[in-house]
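Reading through the structure tokens given below for one structure.
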Amino acid sequence: MFDALLSRGLAPCLFGLAGVFATCATSDAADAPWRDASVDKATQVICDKATATPLPDADRPNAAEKAGLTACVSRNLYFGVKGPQDYVAARKCGWLEREKKPDADFAWELAGPAVLMMIYANGYGVDKNLPLSLRFACEAGGAPAEIEARTAHIIKLQQSPTGKTLEACAKDERAAATPYCHGVLDICDDLTSGAMGGVCASVASDIAEEKAAADFAGITRSWTPQQKAAFAGLGTKAQAYFDAHASREIDLSGTARGEFYIEARDALKSAFRADIVTFEQGKAPAQTPAAYSAADRKLNAAYAKALKQRFTGTINKDGIRETQRAWLPYRDAFVDFAAIRYPNIAADTVRTMLTKARTKLLEELANQE
């Protein structure tokens, strides 16, 4: 999927979502992103002063620890993605990332100073240090407006009496954001750009996926080896289809392309898991061969209409064809899996359910204005 995006001129700039996001803007001064000409002068002065904040050597990883952190990802350690949440390891990894890539756009990679900013602001696994957090907020970079907003946010935290909520919360502007109101800093609190919206959507997706996968493991735990093997094969076909739909049938021409891609992909993931639960509970409405034939005709009509549509942005006929070619193996793999796991459910029931879901997406494409 990412190679296809690259061939369409979308340069990679973010680990984990390379090619999905717009060509990420690079600061005019990569090693001092707050000196970008678009950052307001007051923020530039604040950040210039913040660079004098001492860097605590005791908080950095030693040589032995560095050897064990060569492949670390501070974002994953901080949020508990692809492994347990570990703030101490996230801090040490963040320091290492900062050393390895001094010219990186850390905010858009959510690495190094971007993670250290949150750790020191919140006192997670280390003493709280808002002046140091401010320094890292400046170093992290990102869109000029985000640099301004994050530094202003941390200064408000410095000025806010202990135990008191931020002024914005007192004014009901962010009353629902409980962690924010109680002084917990998150890099996504102050996003202003489409690129950062994609980064934050990626984080939210990863966290949700961890929980969903853990919950879903309870469903599959009692399955036989044969059923698990069939499901693994289905999963491969499902991922190919989900990626094809999200990258070829969604308009990714804007700066928020990363967020749109993730939203579309995750919607299909959620529907997929919901379908499995429906079958597990025996709640799938039985369908006849005639019902499937009718659903298939409707799908073909929607597909033909979608191919005649004149799209703007990145959606095109070839992308719809590629996605349809990815959907067919997914449908067939689902039918094969269901025959093993749910032998009492007719294949036409499975086909009809999947066909109706695909038809709905095609109709949305066909009816775009």
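Summary table
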{"item": "Residues located in region 34-62, provided they are surrounded by 11 or more Cβ atoms within 10 Å (Cβ to Cβ) and in contact with a Pro (Cβ under 9 Å, 6 or more places away or on another chain)", "result": "W34, D36, S38, V39, D40, T43, C47, A50, T53"}
{"item": "Some residue of region 61-72 being of a type in the set (G, A, S) and within 25 Å of D189 (Cβ to Cβ)", "result": "no"}
{"item": "Residue within region 96-116 that is over 18 Å from I155 (Cα atoms), among the small types (G, A, S), out of contact with any Gly (no Cβ under 6 Å at 6 or more places or on another chain) and not in a loop (DSSP other than H, G, I, E, B) present", "result": "no"}
{"item": "Condition met for T349 (hydroxyl-bearing (S, T, Y), under 15 Å from A304 (Cα atoms) and either surrounded by fewer than 20 Cβ atoms within 10 Å (Cβ to Cβ) or more than 25 Å from the chain's Cα centre (by Cα) (or both))", "result": "no"}
{"item": "Residue ID - surrounded by the most Cβ atoms within 10 Å (Cβ to Cβ), chosen from residues in region 250-305 that are assigned to a helix (DSSP H, G or I) and of a type in the set (D, E)", "result": "E259"}
{"item": "Criterion violated by T255 - all others in (1) over 19 Å from K237 (Cα atoms); (2) out of contact with any Gly (no Cβ under 6 Å at 6 or more places or on another chain) satisfied", "result": "(2)"}
{"item": "Of all residues in region 297-310 being out of contact with any helix residue (DSSP H, G or I) (no Cβ under 6 Å at 6 or more places or on another chain) and modelled with pLDDT of 95 or more, the one that is farthest from R331 (Cα to Cα)", "result": "K308"}
{"item": "All positions within region 57-88 that are part of a helix (DSSP H, G or I), closer than 18 Å to V203 by Cα and of a type in the set (G, A, S)", "result": "S74"}
{"item": "Residue under evaluation A176, criteria (1) modelled with pLDDT under 95; (2) farther than 18 Å from L191 by Cα; (3) among the aliphatic types (A, V, I, L, M), criterion not met", "result": "(2)"}
{"item": "Single residue of P225, P179 found to be under 30 Å from E146 (Cα atoms), exposed (fewer than 13 other Cβ atoms within 10 Å of the Cβ) and over 19 Å from the mean Cα position of the chain (by Cα)", "result": "P179"}
{"item": "Residue within region 282-289 that is within 30 Å of L157 (Cα to Cα) and touching a helix residue (DSSP H, G or I) at 6+ places or on another chain (Cβ under 9 Å) present", "result": "no"}
{"item": "Filter pass, L134 being over 23 Å from the mean Cα position of the chain (by Cα) and modelled with pLDDT of 95 or more", "result": "yes"}
{"item": "Single residue of C200, C169 found to be at pLDDT 90 or above and over 30 Å from P329 (Cα atoms)", "result": "C200"}
{"item": "Odd one out for V126 among (1) aliphatic (A, V, I, L, M); (2) buried (at least 23 other Cβ atoms within 10 Å of the Cβ); (3) not in a helix (DSSP H, G or I)", "result": "(2)"}
{"item": "Among residues of region 311-330, those that are free of Cβ contacts under 8 Å to residues at least 60 places away in the same chain and either buried (at least 19 other Cβ atoms within 10 Å of the Cβ) or among the hydroxyl-bearing types (S, T, Y) (or both), counted", "result": "1"}
{"item": "Residue within region 339-350 that is free of Cβ contacts under 8 Å to residues at least 40 places away in the same chain and farther than 28 Å from A212 by Cα present", "result": "no"}
{"item": "Where P343 falls short, out of the listed (1) surrounded by fewer than 19 Cβ atoms within 10 Å (Cβ to Cβ); (2) closer than 16 Å to K356 by Cβ; (3) over 30 Å from the mean Cα position of the chain (by Cα); (4) not aromatic (F, W, Y)", "result": "(2)"}
{"item": "Among residues of region 310-340, those that are within 27 Å of Q227 (Cβ to Cβ), under 26 Å from the mean Cα position of the chain (by Cα) and small (G, A, S), counted", "result": "1"}
{"item": "Any hit, region 93-104, residues being crowded, with 23+ Cβ neighbours inside 10 Å, over 18 Å from A32 (Cβ atoms), touching a helix residue (DSSP H, G or I) at 6+ places or on another chain (Cβ under 9 Å) and basic (K, R)", "result": "no"}
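The values are calculated or read from the model by the stated rules, or taken from the named source; none is laboratory data. Quantities reported herein were computed from a predicted structural model and do not represent experimental measurements. Note: ideal-geometry Cβ built from the backbone for every residue, glycine included; neighbour counts use all protein chains shown.
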